[in-house]
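Participant: The structure follows.
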Amino acid sequence: MPTNLLEKLNPAQREAVETTEGPVLIIAGAGSGKTRALAFRTAFLVLEKNVYPQNILAVTFTNKAAQEMKERIVELLRESSFSSSNLPLIGTFHSICVKILRREIDRLGYKKSFSILDTQDQLAMIKKVFKEISLNPDQFNPKAALGTISKAKNELIDASHFAKNSGSYYEETISRVYLAYQKKCREQSALDFDDLIMFTVKLFKDFPEVLEKYQNIFRHIMVDEYQDTNHAQYELIHLLAKKYQNICVVGDDWQGIYAFRGANIQNILNFEKDYPSAKVVKLEQNYRSTQNILDAAYGVISKNINRKDKTIWTEKKGGHLIESFEARDEREESEYVASEIQREMKLGKKFSDFVVLYRTNAQSRILEEAMLRSGLPYRIIGGIKFYQRKEVKDILAYLKLIQNFNDQISLERIINEPKRGIGEATIGKWIKFSKDRNLNLVETGTNLKEEKNIAENKLDYISKFCDFIKRMSEIKGSLKLREFIEKVYIESGYEKYLLDGSEEGEMRHENVMELLTVAQKYEEYPTPEGLELFLEEVALISDTDNIDKNSEAVHLMTLHSAKGLEFTNVFIVGLEEGILPHSRSLLSPQEMEEERRLMYVGITRAKEKIYLLFTSERNIYGSVQSNSPSRFLDDIPEHLIQVARPKPKSDGKLFSLRNKTTSSTTNHKLPTTNYKDGERVEHPIFGKGLIISAKGDVLTIAFSKAGLKKLSASIAPLKKM
DNA sequence: GGCAGCCACGTTTTT
DNA sequence: CGTGGCTGCC
């Protein structure tokens, strides 16, 4: 590695990069350049220590993080003119386990062509199990059952183990569900997300020779966001690293916010106990925020007892004060946000410099409305999920069935989409028929005549359907993936079913077209392999991965989604007891610590300015609640906070206009309504439009390009034409 | 088998 | 207040 690469690092980062042998724990504060350190470390191993790239494994939690890491490493290697065709294995826990299981899972009695169940599939499966063992979903909540099973899997407790150790009536009942669920999965060669990890660990434990093979491949292991690992993931890494002990984990215990889904923060806190020879490196210089922001964040996190100590510092002394604002209600809160953004925009900021963070997704709606009224372009992260849309899932189910003739969940999903007159009863008979003969569903489908209990016309439909699936399976190698999926889409009758002339159908069709675009990426692979890769990627993908950082819009997202991101100005809304911290955490000291870490994550996203907002009254589920201000506000040193108050009109702030007795609606009605129906206007973002209705301050405008929008006459930057 | 209306419920989220 | 899931009727 050219020495100038190392010179780009600070001393602590350099130490992390240069310690290539033995266990290393990198405690990396928010904004301290940890991804950078990991990428450099990988490049250093390859270029300086002559480690083969294929002997390096880097594990992340999200596809996005993996992608980012890949890009950085490729860039570093390319700078040193090292061929980047030969890359380390970089991926999420789940994708890496899938890779291993695709090669080895037959040892555990599963087919290598196993399907992967997502949360919806899992729930469908659980509900079936409930029926099978005649369990009343009113007494036991299927979602809760699924949660308990998932938790067990994260602790590496398999079904029989769970059954042995169940003490209470509840546990015994769940253990019956668990056993039946797992049996069903096995019959269909289906694995859920938790199985992917648990089975890989089981494989390694039951087959030492397999473990050793992978230990020899992955001689250098790096794990990002180590504070978010659960027990199963911990064990997986522990096994792989056992032989060579070259394990480097990076994390920040202050930012662990996923305990609720099984992450165990003790994994990082105990690293030095697990690996007594571990070298500990602390990255404490923050390159993102001002000192004031860091001090505020520290004020919050320092109240937590269960944490390692570290000092975060920055060269950016001082900075803006933290602005706090008490709004009367959530509507005023959101309008304050919008007006502040507009005010700051005049100072030359970009829309993408702003993010609004909230505790729960339900808070996004009112913010969205305020953005619309003010004409601010915005993007909600984590709202509607593309891969969860019915039409997308249906098409994928067709493909999954073509790939795995035993995929019962997929079959049931699509046998009647489009309508073929096959209902639950018929499918039940069909499945039983297959099971009795130990044949796969598609094969028996063309052969069901022996089953006397199914009406002639239905047999015909089933047989045609199965012929279709078989035919598609045969030709899948002869077409490009995109063309193949299109063929399935059309010939299954699904296209015709969607395009029924309705607007909604048109939209759904568009979504399928979007899916085809995704498939185009696999053009270079022959279809059987491309199809496999495609289904794999799609099964393990999530929509937050698609956050387009460059999109010119204000971002709205939950505090959880914000981890790893940074913005110039950060608004945190709903800082009230019961919201942040969330009501569910008020009674548990541990959960309260997690809420505090969440707040810490929120504050440390900011480069320049933080706004903390709360309301005196808030509408929750239709009734008005009045929460007291969040305890986290008190944790921030007082001298760092500037309280925004109603001020005289002159400083141009919308909210300064108002004293506390005027309501926001009356306020808005005052200056406006020189707009009339039928007038033409122009908006800097939405373009030209026509006013359809003007009711008080609220204008409904049809924009020729952006469509129908409701805007506030007093706030939106409209020009008459 | 399909659709309409009613009721229950209501963190956070990745894979 | 909204939504989504399930029941009951056609």
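The values are calculated or read from the model by the stated rules, or taken from the named source; none is laboratory data. The structure presented is a predicted model; accordingly, all values stated were derived computationally and were not measured. Neighbour counts are summed over all protein chains in view; Cβ atoms, including those assigned to glycine, are modelled from backbone coordinates with ideal geometry.
Participant: Which residues, counting only those in the range A:571-625, are part of a loop (DSSP other than H, G, I, E, B) and of a type in the set (A, V, I, L, M)?
Facilitator: A:Val573, A:Leu575, A:Leu580, A:Leu586, A:Leu587
Participant: Determine whether A:Ile56 is modelled with pLDDT of 90 or more, under 24 Å from A:Leu540 (Cα atoms) and of a type outside the set (S, T, N, Q).
Facilitator: yes
Participant: Identify the residue in the range A:1-42 that is free of Cβ contacts under 8 Å to residues at least 40 places away in the same chain and β-branched (Val, Ile, Thr) and, among all such residues, is farthest from A:Ala562 (Cα to Cα).
Facilitator: Once the filter is applied, the top-ranked residue is A:Thr3.
Participant: Please verify whether the range A:111-127 includes one or more residues that are of a type in the set (Asp, Glu) and away from DNA strand B (no atom under 16 Å from the Cβ). Steps first, answer last, please.
Facilitator: Within the range A:111-127, the first condition is being of a type in the set (Asp, Glu), and the residues that meet it are A:118, A:121.
Of the ones still in play, those that are also away from DNA strand B (no atom under 16 Å from the Cβ) are none.
Within the range A:111-127 (the criterion being of a type in the set (Asp, Glu) and away from DNA strand B (no atom under 16 Å from the Cβ)), the answer is no, since none of the residues qualifies.
Participant: Do we have any residue at all in the range A:645-658 that's in a helix (DSSP H, G or I), touching a Leu at 6+ places or on another chain (Cβ under 8 Å), away from DNA strand C (no atom under 16 Å from the Cβ) and modelled with pLDDT of 95 or more?
Facilitator: no
Participant: Against the conditions (1) buried (at least 19 other Cβ atoms within 10 Å of the Cβ); (2) of a type in the set (Lys, Arg); (3) away from DNA strand B (no atom under 14 Å from the Cβ), where does A:Lys153 fall short? Just the number, please.
Facilitator: (3) is the only condition that A:Lys153 fails.
Participant: Of all residues in the range A:553-608, count the ones that are within 14 Å of A:Arg288 (Cα to Cα) and either near DNA strand B (Cβ under 10 Å from one of its atoms) or over 22 Å from the mean Cα position of the chain (by Cα) (or both).
Facilitator: Of the residues in that region, 5 qualify.
Participant: Going residue by residue through the range A:376-387, is there one that turns out to be part of a loop (DSSP other than H, G, I, E, B) and in contact with a Lys or Arg (Cβ under 9 Å, 6 or more places away or on another chain)?
Facilitator: The answer is no, given that none of the residues of the range A:376-387 is part of a loop (DSSP other than H, G, I, E, B) and in contact with a Lys or Arg (Cβ under 9 Å, 6 or more places away or on another chain).
Participant: To continue, here is another question. Please indicate, with yes or no, whether at least one residue in the range A:480-490 is surrounded by fewer than 16 Cβ atoms within 10 Å (Cβ to Cβ) and assigned to a loop (DSSP other than H, G, I, E, B).
Facilitator: There is no residue in the range A:480-490 that is surrounded by fewer than 16 Cβ atoms within 10 Å (Cβ to Cβ) and assigned to a loop (DSSP other than H, G, I, E, B).
Participant: May I ask you to verify whether A:Leu439 is over 30 Å from A:Tyr621 (Cβ atoms), modelled with pLDDT under 85, away from DNA strand C (no atom under 16 Å from the Cβ) and not in a helix (DSSP H, G or I)?
Facilitator: The answer is yes for A:Leu439.
Participant: Let me ask something else. Would the range A:121-130 turn up any residue that is within 16 Å of DNA strand C (Cβ to nearest atom) and touching a strand residue (DSSP E or B) at 6+ places or on another chain (Cβ under 6 Å)?
Facilitator: Within the range A:121-130, one or more residues are within 16 Å of DNA strand C (Cβ to nearest atom) and touching a strand residue (DSSP E or B) at 6+ places or on another chain (Cβ under 6 Å).
Participant: Still on this model: Can you name the residue in the range A:134-148 that is part of a loop (DSSP other than H, G, I, E, B) and within 10 Å of DNA strand B (Cβ to nearest atom) and, of all such residues, is farthest from the chain's Cα centre (by Cα)? So that I can check it myself, show each step before the final result.
Facilitator: Initial filter on the range A:134-148 (part of a loop (DSSP other than H, G, I, E, B)): A:134-141.
Checking the rest, the ones that are also within 10 Å of DNA strand B (Cβ to nearest atom) come to A:138, A:141.
Values: A:Asp138: 30, A:Asn141: 25 Å.
Checking each candidate, the answer is A:Asp138.
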